[in-house]
Amino acid sequence: MYDAKVRDVEGRPCFSVSRQDFGQDEKVRVAAIEVSGVTVLGAVTSTRWLAGFVDSIPALSVTPSTCIVYGKPEVEYHGEEAKSLEPSVRYALGMNAHVFREQRWQNRRFQAYFCIAGDRSASPRVRQVEWDEQSKRWRWDVCALVGAHPGSEP
């Protein structure tokens, strides 16, 4: 399992791969993306976007310096249209891809957690939820609503 990267592009999640795992210009061919709502324990509550890119021409590629915007890939895909994402909901990204290593194509699975932070008075911001090795837990506290009590978790 590899770490995916999630960043904010005008209030929408944008998915990429880690610079630690892949070179700046090394292309990763994306085969499928799934975004789901999840519980505190990681159980899936709803699928928000499911997209397959196996037959896409050209192939959908991503590098550490590029990303795929939620619901708006640059190529046609098979699957469901992206549903709206809501503040203070926990989301999981799963991304299957192929990389060319050791003279052959190899399958890779990428994963990340994220949320939309904000409230009615603030623009929503996408925040990636990182694993805290010291406390051995996911840092969902980055998702606290603007103006919420510090330390409160959605």
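The values are calculated or read from the model by the stated rules, or taken from the named source; none is laboratory data. In this text, all values refer to a predicted model and were calculated from it rather than measured experimentally. Reconstructed Cβ throughout: ideal geometry from the backbone, glycine too, with neighbour counts over all protein chains shown.
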Quiz item: Out of curiosity, is ILE57 surrounded by 15 or more Cβ atoms within 10 Å (Cβ to Cβ) and either at pLDDT below 85 or β-branched (Val, Ile, Thr) (or both)?
Solution: no
Practice problem: Examine the stretch 6-21 for a residue that is free of Cβ contacts under 8 Å to residues at least 40 places away in the same chain and either among the acidic types (Asp, Glu) or in a strand (DSSP E or B) (or both), and state whether such a residue exists. | Solution: yes
Exercise. Could you grab the pairs with beta carbons closer than 7 Å, sequence gap of 6+ or different chains, first residue in the stretch 132-154 and among the charged types (D, E, K, R), second one modelled with pLDDT of 75 or more and not in a loop (DSSP other than H, G, I, E, B)?
Key: ARG139/VAL129; ARG139/ASP132; GLU153/TRP140; GLU153/ASP141
Quiz prompt | the stretch 97-112, subset surrounded by 15 or more Cβ atoms within 10 Å (Cβ to Cβ) and out of contact with any Lys or Arg (no Cβ under 6 Å at 6 or more places or on another chain), residue nearest to ASP55 (Cα to Cα) | solution = ARG108
Exercise. Within the stretch 61-93, track down each residue that is more than 16 Å from ASP8 (Cβ to Cβ), in contact with a Lys or Arg (Cβ under 7 Å, 6 or more places away or on another chain) and not in a loop (DSSP other than H, G, I, E, B).
Key: SER61
Quiz item: Do we have any residue at all in the stretch 27-40 that's part of a loop (DSSP other than H, G, I, E, B), over 13 Å from the mean Cα position of the chain (by Cα), charged (D, E, K, R) and surrounded by fewer than 14 Cβ atoms within 10 Å (Cβ to Cβ)?
Solution: no
